[in-house]
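Quick notes on the structure that follows.
The values are calculated or read from the model by the stated rules, or taken from the named source; none is laboratory data. These figures come from a predicted structure and were not determined experimentally. Virtual Cβ from ideal backbone geometry, glycine too; neighbours counted across all protein chains shown.
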There are 2 protein chains.
Amino acid sequence: MQVAIPLYEGFTALDAIGPYEVLSRLPEADIKWVAEQAGPKQTETNMLRIAADSSYADVPSPEILVVPGGFGTRRLLEDEPLLEWIRSVHETSTWTTSVCTGSLLLGAAGVLNGLEATTHWASLEQLEQFGAKPVKRRVVEQGKVMTAAGVSAGIDMALRLVDKLFGPEAAQAIQLGIEYDPEPPYDSGSPDKAPAEIVKVVRAVSEQMERDFEAEPAP
Amino acid sequence: MQVAIPLYEGFTALDAIGPYEVLSRLPEADIKWVAEQAGPKQTETNMLRIAADSSYADVPSPEILVVPGGFGTRRLLEDEPLLEWIRSVHETSTWTTSVCTGSLLLGAAGVLNGLEATTHWASLEQLEQFGAKPVKRRVVEQGKVMTAAGVSAGIDMALRLVDKLFGPEAAQAIQLGIEYDPEPPYDSGSPDKAPAEIVKVVRAVSEQMERDFEAEPAP
């Protein structure tokens with residue numbers, strides 16, 4: 001079972017690694033890290049590089065596509081090689097999925113037109129420009145398209161994918177394998193639960209980061 | 001604030017990337033990926049490489065040490081360069097921490113002698129050989145030593161570290177930034193909650209993986 005995860009300059013590491021950690025534990029999994037040109041890609045913090053081993057041409061028809069998000073997505077909304085690859089993969093995929101603002105790339109490729117979809121809470125309205133109907137849920141499933149909320153939601157989405165593909169025992173076994181029994185010190189993981197002042201600050205930081213990335217050309 | 005995360009052949013990606021994703025969002029953070037020799041390190045699945053940029057000598061006194069786990073730890077329990085570096089870093093660190101079986105390396109370095117500690121549930125008894133007292137908790141804090149349970153527990157541990165270092169607002173803001181509002185499809189993340197048959201299977205797979213890694217020399 002081939003799983004393609006595209007990488008690009010400015011992706012968010014956990015968006016990609018959450019689903020990787022779940023899906024790589026399927027005995028049948030063959031994870032492909034894909035980019036226009038293979039090589040190490042920097043995350044949005046510039047403090048971590050993960051290697052893309054394959055080019056788009058090397059991986060034309062994976063069964064599962066997982067598009068991670070990150071501020072770097074904002075520089076790729078008109079990147080035809082990536083969008084064309086997403087469109088082409090989507091024609092034959094079993095599941096086309098995204099984490100966080102990876103859904104903006106699915107949207108730019110035309111995959112979300114007319115569908116409900118989600119993304120990071122601070123970017124939710126941006127989905128409208130692609131004809132998608134933004135919804136505030138952890139994971140949104142529409143036919144074979146699955147979109148997840150921000151960053152850590154990719155772990156929940158991948159467990160759902162395993163459940164769909166191989167049944168509840170497989171999903172439960174992998175959840176136990178990664179000991180995913182969450183116990184955060186606060187209940188502050190969504191804008192409905194976090195203190196209003198903190199939501200305001202995080203939104204402002206997020207908008208500033210977005211402007212910084214848009215102003216700075218891709219390396 | 002320098003954060004050192006050692007990498008080695010056969011680490012578990014999410015063990016390292018969970019804490020990275022949390023700690024890298026602190027404005028003061030400087031994350032160092034460290035190995036005996038810099039270069040890309042393979043995870044235990046052999047399907048992902050993450051770049052170590054620094055050698056042990058380059059990072060002698062980070063404020064925070066985060067040791068990730070993985071089956072590769074079993075080949076490092078007598079690796080003097082690594083254990084010596086851990087011991088030396090621990091002398092001056094603000095926090096010495098581990099995720100999953102990373103605590104076996106802290107133990108082998110002598111850091112856990114006489115302390116309560118945790119690790120992946122399937123390896124818990126192994127902590128005893130290092131004079132540690134194994135406890136079944138998500139995160140265990142003993143003075144400046146913090147150990148986390150399996151794989152995904154590093155996210156919870158890192159949020160606690162942020163709370164200790166910078167207070168509840170910082171921890172809540174980062175939790176909101178990574179939208180950590182977990183919603184797994186099942187409640188199967190610990191051996192106390194998962195069906196007994198699944199615990200048995202996952203334990204058997206884990207023990208087999210451990211034997212395979214021990215039998216196969218490090219690359």
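Structure data summary
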| item | result |
| --- | --- |
| Residues of the range B:103-119 that turn out to be assigned to a loop (DSSP other than H, G, I, E, B) and touching a helix residue (DSSP H, G or I) at 6+ places or on another chain (Cβ under 8 Å), as a count | 7 |
| Residue list for the range A:71-109, filter: within 14 Å of A:Pro6 (Cα to Cα), more than 15 Å from the chain's Cα centre (by Cα) and β-branched (Val, Ile, Thr) | A:Val89 |
| Boolean, B:Gly154 is touching a residue at least 60 places away in the same chain (Cβ under 8 Å), in contact with a strand residue (DSSP E or B) (Cβ under 6 Å, 6 or more places away or on another chain) and buried (at least 24 other Cβ atoms within 10 Å of the Cβ) | yes |
| Residues located in the range A:87-98, provided they are buried (at least 23 other Cβ atoms within 10 Å of the Cβ) and β-branched (Val, Ile, Thr) | A:Val89, A:Thr96, A:Thr97 |
| Matching entry among A:Glu183, A:Glu214, A:Glu179 (being within 30 Å of B:Ala196 (Cβ to Cβ) and in contact with a Lys or Arg (Cβ under 7 Å, 6 or more places away or on another chain)) | A:Glu183 |
| Residue in the range B:166-173 that is more than 7 Å from every other protein chain (Cβ to nearest Cβ), at pLDDT 95 or above and outside any helix (DSSP H, G or I) present | yes |
| Lone qualifier among A:Ser93, A:Ser88 - being more than 30 Å from B:Ser188 (Cα to Cα) and away from chain B (no Cβ under 14 Å) | A:Ser88 |
| Qualifying positions in the range B:132-153 - within 10 Å of B:Trp95 (Cα to Cα) and outside any strand (DSSP E or B) | B:Gly143, B:Lys144 |
| Flag if B:Thr101 is surrounded by fewer than 21 Cβ atoms within 10 Å (Cβ to Cβ), of a type in the set (Val, Ile, Thr) and within 26 Å of B:Arg137 (Cβ to Cβ) | no |
| Residues satisfying the stated conditions in the range B:174-197, i.e. without any contact (Cβ under 8 Å) to a residue 40 or more places away in the chain, facing chain A (nearest Cβ under 7 Å) and outside any loop (DSSP other than H, G, I, E, B) | B:Gln175, B:Leu176 |
| The range B:49-80: number of residues that are part of a loop (DSSP other than H, G, I, E, B) and either out of contact with any Cys (no Cβ under 9 Å at 6 or more places or on another chain) or modelled with pLDDT under 95 (or both) | 10 |
| Subset of the range B:50-79 [surrounded by fewer than 20 Cβ atoms within 10 Å (Cβ to Cβ) and facing chain A (nearest Cβ under 10 Å)] | B:Ala51, B:Asp53 |
| Residue in the range B:199-214 that is assigned to a loop (DSSP other than H, G, I, E, B) and either over 24 Å from A:Cys100 (Cβ atoms) or touching a Pro at 6+ places or on another chain (Cβ under 7 Å) (or both) present | no |
| Qualifying positions in the range A:10-45 - crowded, with 18+ Cβ neighbours inside 10 Å, in contact with a Pro (Cβ under 8 Å, 6 or more places away or on another chain) and assigned to a loop (DSSP other than H, G, I, E, B) | A:Thr12 |
| Matching residues in the range A:7-42 - criterion: being β-branched (Val, Ile, Thr) and either within 18 Å of B:Ile155 (Cα to Cα) or facing chain B (nearest Cβ under 8 Å) (or both) | A:Thr12, A:Ile17, A:Val22, A:Ile31 |
| Flag for B:Gln2 being of a type outside the set (Phe, Trp, Tyr), within 26 Å of B:Pro217 (Cα to Cα) and out of contact with any His (no Cβ under 6 Å at 6 or more places or on another chain) | no |
